[in-house]
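Take a look at the structure set out below.
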Amino acid sequence: YNASDLCVQHDGCTYHLVRHAVNFASAEMHCRRFQNGRLVSIHNYCQNQAVYRLTRKGCRALRVWIGGFELFKSYKFIWTDGSSWNYNNWVPGQPDNTANVEDCVEMNWHTRSKWNDHGCYNRKPFVCHY
Ligand SMILES: [Ca+2]
């Protein structure tokens, strides 16, 4: 982790943007290096905004992995930290599972602060919480 990483405190939790681009599984493993670290889970608008603010870069926003992924072929999404899936902020029309390979959740594709399912093998920056 280097000086280009960015952290904010929100509700007693640290949100940590890592700008190094890796696939979803590697991102989760990176987050687990922190005590109680996981890819971020998001449960309400305020948390979503806190994560989104971290990803803004001038007028643009980095596409980042967050901790959601589809439970194998179930059309149900869960969080890597095991918390309940009780909120979502999909881009309209998503998740669409394009080419049947999109099982992981990113933020900021197409519409800033909103979510898209995308292939887990893609490399992106990511946001951890701990
Ligand atoms: Ca998609």
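Exactly one residue out of Asn89, Asn97 is within 13 Å of the chain's Cα centre (by Cα) and in contact (Cβ under 8 Å) with a residue 12 or more places away in the chain: that is Asn89.
When segment 24-36 is filtered for residues that are modelled with pLDDT of 95 or more and open to solvent by less than 60 Å² (accessible area, probe 1.4 Å), the ones remaining, listed by number, are Phe24, Ser26, Ala27, Glu28, His30, Cys31. For segment 98-113, the set of residues classified as at pLDDT 95 or above and within 11 Å of the ligand (Cβ to nearest atom) consists of Glu102, Asp103, Cys104, Val105, Glu106, Trp109, His110, listed by residue number.
Those residues that are assigned to a strand (DSSP E or B), charged (D, E, K, R) and either open to solvent by 70 Å² or more (accessible area, probe 1.4 Å) or more than 21 Å from His20 (Cβ to Cβ) (or both), I need them from segment 78-130; list them, please. Once the filter is applied, which keeps residues that are assigned to a strand (DSSP E or B), charged (D, E, K, R) and either open to solvent by 70 Å² or more (accessible area, probe 1.4 Å) or more than 21 Å from His20 (Cβ to Cβ) (or both), segment 78-130 yields Glu102, Asp103, Asp117. Residues of segment 58-74 that are open to solvent by 40 Å² or more (accessible area, probe 1.4 Å) and either part of a strand (DSSP E or B) or within 9 Å of Asp103 (Cα to Cα) (or both): Arg60, Phe69, Leu71, Phe72, Lys73.
The values are calculated or read from the model by the stated rules, or taken from the named source; none is laboratory data. Given the structure is predicted, the values throughout are model-derived calculations rather than measurements. Quick reminder, even Gly has a Cβ in these numbers, built from the backbone with ideal geometry, and neighbours come from all protein chains shown. For the accessible areas, the whole protein counts, side chains as well, though only heavy atoms, and no ligand, DNA or RNA atoms are used. Shrake-Rupley method; radii C 1.70, N 1.55, O 1.52, S 1.80 Å.
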